[in-house]
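The block underneath contains the structure these notes are about, expressed in structure tokens.
Where a number appears in this text, it was derived from the coordinates with a stated rule and is not lab data. Since this is a predicted model, take the numbers as computed values, not measurements. Cβ atoms come from the backbone with ideal geometry, glycine included; neighbour counts cover every protein chain shown.
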Amino acid sequence: MLKCLSLVVVLGLTRKFLADYIKGVSKEMQNLYQSTNGKFKCLNDGKEVPYVYVNDDYCDCSDGSDEPGTSACNNGIFWCQNTGHRQKRILSMDVGDKICSKLSTN
């Protein structure tokens, strides 16, 4: 019984962490991606969109800030963690090729 309870707690904490982490956003900028009353505020112009629109594969913000983890916006930026190597920002259109592209925006 204790093992099952421990597993439930670990899975709950993991789920909480994943819900709070936005794909394509550096740790330093995660705070800009917090939901405010179910809304996300576009980074450049302050336009508000429903929070569920973040990373939904459709570009709702003119600056592409609602799609940091997809290639939906041609002007978007993705934070490439590149574990074990140099981390950097890349163009969103290069997301998904498993390579931190040479077309870096650093």
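Remarks
- Remark: spin-label model distance Lys23-Arg89 equals 2.1 nm, labels positioned 7 Å along the Cα→Cβ axis.
- Interchain or long-range residues, amide H under 5 Å from Asp60's placed H: Asp66
- Listed peptides 29-39, 65-75 by packing density, highest first (mean Cβ within 10 Å): 65-75, 29-39
- Residues whose amide H comes within less than 5 Å of that of Lys39, counting only those at least five positions distant or on another chain, are Tyr51 (H built at 1.01 Å from N in the peptide plane).
- 3J(HN,Hα) from dihedral phi, segment 30-47, Karplus parametrisation 6.51/-1.76/1.60, rounded to Hz, x for glycine, proline: 4, 4, 6, 10, 7, 6, 10, 6, x, 10, 10, 9, 3, 5, 8, 10, x, 4
- Put simply, the amide H of Lys88, placed in the peptide plane, has neighbours under 5 Å in Cys80, leaving out anything fewer than 5 places away on its chain.
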